[in-house]
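Report on one structure; see the data block that follows.
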Amino acid sequence: MTANTAVNQTDKNSPTTIYLKDYLPPAFLIEKTHLTFQLDPEKTTVTSVLQCVANPKAAPSQSLTLHGQDLKLVRLQLNNKALTAADYCVEEESLTIHAVPDAFTLTCVTEISPATNSSLEGLYKSRTMYCTQCEAEGFRKITYYLDRPDVLSEFTTTVIGDKQQFPVLLSNGNLVASEQLENGFHSATWHDPFKKPAYLFALVAGDLQVVEDNFITCSGRNVVLKIFVEPKDLDKCEHAMASLKNAMKWDEEVYGREYDLDIFMIVAVDDFNMGAMENKGLNIFNTSCVLANPKTTTDAGFARVEGVVAHEYFHNWSGNRVTCRDWFQLSLKEGFTVFRDEEFSSDMGSRTVKRVEDVNVMRTLQFAEDGGPMAHPVQPASFMEISNFYTLTIYEKGAEVVRMYHTLLGPELFRQGSDLYFERHDGEAATIEDFTAAMAEVSGRDFSQFKYWYSQAGTPVVKAEGDYCAQAKTFSLTFEQYCPDTPEAKGSDKKPYHIPVNVSLLGKAGLLPLTLDSQAQPQTEVVLELTEAQQTFVFNDVQEEPVPSLFRGFSAPVKSAYPYKKADLLRITTQDSDGFARFDAMQQLAVVAIFDVMAALRKQEEWQLEPLLLNAVKELLTNEALDPAMVALMCTLPSQAYMSGLATPIEVELIHQARNAVKAAIAEQCFDLWLAVYNRCLSTKAYAFNANDVALRSLKKVALEYLMVKPTEEVLALCVKQFNNADNMTDESAAMSALVDCTAPLAAKERVDALAQFYERWKDEALVVNLWLSVQAADSTPGALKRVEALLKHPAYDSANPNKIRSVVSVFCNQNAVNFHAIDGSGYVFLADQILVLNKQNPQIASRLLGPLTKWQKYDVNRQGLMREQLLRIQSEPALSKDVYEVVAKSL
Ligand code: PHE
Ligand code: ZN
């Protein structure tokens, strides 16, 4: 009865592949679910009472198969009859009851062991507290159930625990009863009136403090807002609470979505595999995504909290009220919700800065995923382990696809489409096709070609060329698109995409008016719709030879190329009205400059910094009218990871050297300007998180980075002063990073002192310690692996905590390329060792760590061999988790 048909089973040990095309509706539905938890670290008893009925929309079935994993079955009862071994069959991951009627009540008692559950999925312990994580398929680690998102049920949950240890007992919905029990125990019963799939279930028990507030909805209802934290974190909730209220208001205003329960709760937990989880009425957050205080949290941290709080809140509609039919539809909720949170953050802060940051993630990380062995469509066609598909493609590329509807339809029609989608599917489990249908219906547009954005993997390449005819005063733009082959659909000829290209033409003095054949009214930006493999658009009445500004705002997630001259790029950096386009042109200039230096270094020749780049930087540093945030972004060189995506084989050391050389040259030749900028950014105002102040601090940070490349005594003193006197973590950690990154002998002592002092100051603040760990893990000076190995033994490290693992292991392997890719292969062996340990302990985290090894084909033959060797070593491990198995198998 489940869609999990076994196919492609090459040998007994390899996991089953699940296919979208095999989807079948469930044979049974669970109308009501009543759960009772008797909490105990090693022996929690879960009693479930399920009201089941045959699904009228599915083929009839005599037997019922439920999902279950790591459960001890204690008792099973159908209606009033106790079942015996002959009535059912328990397997590794399921329970089948041989004969069931059309409607019945199933009572099931199981035992689980939260204290030894290190996977952080199902019911587990984080420090002193109990909590759950059920998405995607974690509920089956709690009790036998139809653990699939198209089974929606009304949940009632009773939690019983020791009152002194666990004064707070929470679950979804409204508190309907609480009782004092014998022996110091107490119970709380929660009822969630909204039907939901099991992945949205949550339970929390702990000794927690609460910060409380309220929100009056647009229809005048009062909603109680509660954030639960450990007592030590009470002073770090204000920003999350303010963000939550802003998000609630924004969703009413921009999407017409009102909150539906009388209470909304957030709980902060230390041990969490992901950022946060949108459980109905009871969001559970990684502490790193909810706690914020100016003293301990950087601006980036504040922005993350604001974005994630909003993201999880927005899921209440895009995910919970309308959920997903199956996990192939994951981007239906995630892509849409990311688009919503990106727009929210843009409205709260700087739209351009937010766009540049998001596009950087797309181009650096998502493009790499699209170009690697795990490439998959936004709507995948198959998977082995769904946990492996919480990816940049599902989230970020999915959001870009939703953004393209917004671009093609315009804000009003897009909103109508969204309203129709929510109205039509409220209380249902929907598909990506349903979303597209709503957008098509309100606009009368045909999205049949647009759908390839969902079904085809890979990043399309768009090459454009322009041709100006001085006599006819026409400018024609010719585009060519293709999408390279990806391993998951080898040899399949990819169809051309429907691509919105936002275009302006720049003249010497700014944007030119545009007249296309099809348009009467001249405007300065148009959305061209590219649908053919090759297509030409002609602009009329173009009075001078223009420089085209293409894909403004990154209007489509493609790799675009246009044969710009360096001077053209310079014109865009100064003349374009689109902030993203200005940034992008500057970045292209920097890329060219770095490539030039790489070419010279390869031939061991002299080189000179590209004068146009130098001039552009000087102009940015002297023009005080510019937005400091834009200056900071535009003066930041493309990262090692970004450069690595531009050419294969990736020349790890050469990129590193050339980047540093360009940075040093800019630092040296603009030293006085940087010093002036730094001083201009100093502020005596108290810390506030708003676009203007964040902008100033970001430019101050970039200035300090350049100044500290080759610091004078004066600069070193400024840096140390900032490190010691800062009243906020943004400035303090910027100074620490600048000291740690400084290789000048002059700063040798200050560098060591800063790290030691920082730890002394902050050793009791887990999230600040993570920052301290990651600064060291990213330190690109020689000997990093030794230092990283020492960090793993440091008392501040905790090998069971995902945030610590990410701060050290992930940062080293992803953000310290020269050391991770050391030519002796030591970095690869180190990572494989870590993965093999985590494979048993926490398969999701183990699988995520594999990322850098899977990209082996992008490196030189020598490194390829070394990386493959470690992948093979992992593959030969006998008890490989599904998670790790899938990624390793697909990358070899
Ligand atoms: N659904 C969560 C989100 O994006 C992410 C998540 C997935 C969290 C799986 C935990 C486990 O908001
Ligand atoms: Zn989400």
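Per-structure values
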{"quantity": "Qualifying position, being out of contact with any helix residue (DSSP H, G or I) (no Cβ under 7 Å at 6 or more places or on another chain), in contact (Cβ under 8 Å) with a residue 24 or more places away in the chain and surrounded by 16 or more Cβ atoms within 10 Å (Cβ to Cβ), among 429, 437", "calculated": "429"}
{"quantity": "Within region 746-794, considering residues that are in contact (Cβ under 8 Å) with a residue 60 or more places away in the chain and not acidic (Asp, Glu), the one surrounded by the fewest Cβ atoms within 10 Å (Cβ to Cβ)", "calculated": "780"}
{"quantity": "Residue that is farthest from residue 431 (Cα to Cα) [pool: residues in region 20-36 that are touching a residue at least 40 places away in the same chain (Cβ under 8 Å) and among the hydrophobic types (A, V, I, L, M, F, W, C)]", "calculated": "35"}
{"quantity": "Filter result for residue 356 (assigned to a helix (DSSP H, G or I), within 16 Å of ligand 2 (Cβ to nearest atom) and in contact with a helix residue (DSSP H, G or I) (Cβ under 7 Å, 6 or more places away or on another chain))", "calculated": "no"}
{"quantity": "Test for residue 312: is it within 16 Å of ligand 1 (Cβ to nearest atom), among the charged types (D, E, K, R), within 16 Å of residue 241 (Cα to Cα) and touching an Asp or Glu at 6+ places or on another chain (Cβ under 7 Å)", "calculated": "yes"}
{"quantity": "Residue tally, condition outside any helix (DSSP H, G or I) and touching a helix residue (DSSP H, G or I) at 6+ places or on another chain (Cβ under 8 Å), over region 871-892", "calculated": "5"}
{"quantity": "Given (1) closer than 21 Å to residue 883 by Cα; (2) in a helix (DSSP H, G or I), index of the condition residue 819 fails", "calculated": "(1)"}
{"quantity": "Filter result (of a type in the set (A, V, I, L, M, F, W, C), out of contact with any Ser or Thr (no Cβ under 6 Å at 6 or more places or on another chain) and assigned to a strand (DSSP E or B)) within region 510-524", "calculated": "514, 516"}
{"quantity": "Neighbours by Cβ (under 6 Å, 6+ apart or cross-chain): first from region 251-270, in contact (Cβ under 8 Å) with a residue 60 or more places away in the chain; second part of a loop (DSSP other than H, G, I, E, B) and of a type outside the set (Gly, Ala, Ser)", "calculated": "251/257; 257/317; 270/127"}
{"quantity": "Any hit, region 559-576, residues being of a type in the set (Val, Ile, Thr) and closer than 27 Å to residue 738 by Cα", "calculated": "no"}
{"quantity": "Qualifying residue in region 317-324 (condition: near ligand 2 (Cβ under 10 Å from one of its atoms) and either outside any helix (DSSP H, G or I) or closer than 23 Å to residue 149 by Cα (or both))", "calculated": "yes"}
{"quantity": "Number of positions in region 842-862 that are touching a Ser or Thr at 6+ places or on another chain (Cβ under 6 Å) and either of a type in the set (Phe, Trp, Tyr) or within 16 Å of ligand 2 (Cβ to nearest atom) (or both)", "calculated": "1"}
{"quantity": "Residues within region 836-881 that are surrounded by fewer than 16 Cβ atoms within 10 Å (Cβ to Cβ) and within 16 Å of ligand 1 (Cβ to nearest atom), tallied", "calculated": "0"}
{"quantity": "Flag if residue 107 is touching a Lys or Arg at 6+ places or on another chain (Cβ under 9 Å) and either touching a residue at least 40 places away in the same chain (Cβ under 8 Å) or in a strand (DSSP E or B) (or both)", "calculated": "yes"}
{"quantity": "Residue among 119, 113, 178 that alone is polar (S, T, N, Q), under 25 Å from the mean Cα position of the chain (by Cα) and modelled with pLDDT of 95 or more", "calculated": "119"}
{"quantity": "Within region 279-304, considering residues that are closer than 30 Å to residue 417 by Cα and surrounded by fewer than 24 Cβ atoms within 10 Å (Cβ to Cβ), the one nearest to ligand 1 (Cβ to nearest atom)", "calculated": "304"}
{"quantity": "Residue count, region 757-798 (criterion: closer than 23 Å to residue 722 by Cβ and part of a helix (DSSP H, G or I))", "calculated": "17"}
{"quantity": "Some residue of region 365-374 being under 28 Å from residue 854 (Cα atoms), more than 16 Å from ligand 1 (Cβ to nearest atom) and of a type in the set (D, E, K, R)", "calculated": "yes"}
{"quantity": "Matching residues in region 525-551 - criterion: being part of a loop (DSSP other than H, G, I, E, B) and either surrounded by fewer than 21 Cβ atoms within 10 Å (Cβ to Cβ) or outside the structural domain of residue 480 (by TED's automatic domain parsing) (or both)", "calculated": "525, 531, 532, 533, 541, 543, 544, 545"}
{"quantity": "Region 325-350 residues that are under 30 Å from residue 21 (Cα atoms) and acidic (Asp, Glu), paired with ones that are at pLDDT 95 or above and within 15 Å of ligand 1 (Cβ to nearest atom) (beta carbon under 6 Å, 6 or more apart)", "calculated": "334/394; 334/395; 334/398"}
{"quantity": "Residue within region 797-812 that is more than 16 Å from ligand 1 (Cβ to nearest atom), in contact (Cβ under 8 Å) with a residue 60 or more places away in the chain and buried (at least 21 other Cβ atoms within 10 Å of the Cβ) present", "calculated": "no"}
{"quantity": "Sole residue being basic (Lys, Arg) and within 16 Å of ligand 2 (Cβ to nearest atom), chosen from 397, 473", "calculated": "397"}
{"quantity": "Restricting region 132-153 to residues that are of a type in the set (A, V, I, L, M) and away from ligand 1 (no atom under 16 Å from the Cβ), the residue that is farthest from residue 191 (Cα to Cα)", "calculated": "146"}
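So that you can scan it fast, the table gives a plain yes or no per residue for (1) touching a helix residue (DSSP H, G or I) at 6+ places or on another chain (Cβ under 8 Å); (2) farther than 28 Å from residue 246 by Cβ; (3) charged (D, E, K, R):
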{"position": "694", "(1), (2), (3)": "yes, no, no"}
{"position": "698", "(1), (2), (3)": "yes, no, no"}
{"position": "704", "(1), (2), (3)": "yes, yes, no"}
{"position": "718", "(1), (2), (3)": "yes, yes, no"}
{"position": "739", "(1), (2), (3)": "yes, yes, no"}
{"position": "742", "(1), (2), (3)": "yes, yes, no"}
{"position": "760", "(1), (2), (3)": "no, yes, yes"}
{"position": "774", "(1), (2), (3)": "yes, yes, no"}
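Every residue, every condition in (1) assigned by TED's automatic domain parsing to the domain that holds residue 150; (2) over 29 Å from residue 19 (Cβ atoms); (3) hydrophobic (A, V, I, L, M, F, W, C); (4) part of a loop (DSSP other than H, G, I, E, B), yes or no:
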position: 368; (1), (2), (3), (4): no, no, yes, no
position: 377; (1), (2), (3), (4): no, no, no, yes
position: 393; (1), (2), (3), (4): no, no, no, no
position: 400; (1), (2), (3), (4): no, no, no, no
position: 408; (1), (2), (3), (4): no, yes, yes, no
position: 413; (1), (2), (3), (4): no, yes, yes, no
position: 424; (1), (2), (3), (4): no, no, no, no
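This table checks each residue for (1) in a strand (DSSP E or B); (2) of a type in the set (S, T, N, Q); (3) surrounded by 20 or more Cβ atoms within 10 Å (Cβ to Cβ).
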residue	(1), (2), (3)
37	yes, no, yes
41	no, no, no
50	yes, no, yes
53	yes, no, no
57	no, no, no
65	yes, yes, yes
74	yes, no, no
89	yes, no, no
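The values are calculated or read from the model by the stated rules, or taken from the named source; none is laboratory data. Here the structure is a predicted model, which means the values were calculated and not measured. Quick reminder, even Gly has a Cβ in these numbers, built from the backbone with ideal geometry, and neighbours come from all protein chains shown.
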